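Peer 1: One structure coming up, written as structure tokens, with questions to follow.
Values quoted throughout were computed directly from the atomic coordinates according to the rules given, and no laboratory measurement underlies them. Predicted, not measured: the structure shown is a model, and the values here were computed from it. So basically every Cβ, Gly included, is an ideal-geometry build from the backbone, and we count neighbours across all protein chains shown.
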Amino acid sequence: MQTERKTFRGGAVSIRKRIEVRGVCNARAALRDPELVHRRRWLTLLVLCISLIVITLDNTILNVAIPTLAHTKADGGVGASASQLQ
């Protein structure tokens, strides 16, 4: 009697076999390709620089808004004290 195995989309095949079938059998060697590594380094640097710009812009906006928030309600602020602004 044959046992029935659960099959998924590609059948009962291991992940390694699926990768080999797709032609990516030597993935580690492909990741060590100098051209790919060079491109990824620049992409990583770009992502880090953009995140730094966003954080700096956010801090600038916050520093500009804090004095306005400290104004009284009559002056257009919320009347927050120094401890409430922290």
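Peer 1: Put a dot 7 Å past each Cα toward the Cβ at Lys73 and Asp58; how far apart are the dots in nm?
Peer 2: Once both label points are built, they end up 3.0 nm from each other.
Peer 1: Residue by residue through region 49-64, which ³J(HN,Hα) values in whole Hz follow from phi under the Karplus form 6.51 cos²θ - 1.76 cosθ + 1.60 (θ = phi - 60°), with glycine and proline marked x?
Peer 2: Values, residue by residue: 5, 5, 5, 5, 5, 5, 5, 5, 5, 4, 5, 5, 4, 5, 5, 6 Hz.
Peer 1: I've got another one for you. Tell me, what is the FRET efficiency for Val47 and Asn26 to the nearest 0.05, using R0 = 22 angstrom and their Cβ-Cβ distance as r?
Peer 2: Once rounded, the FRET efficiency stands at 0.20.
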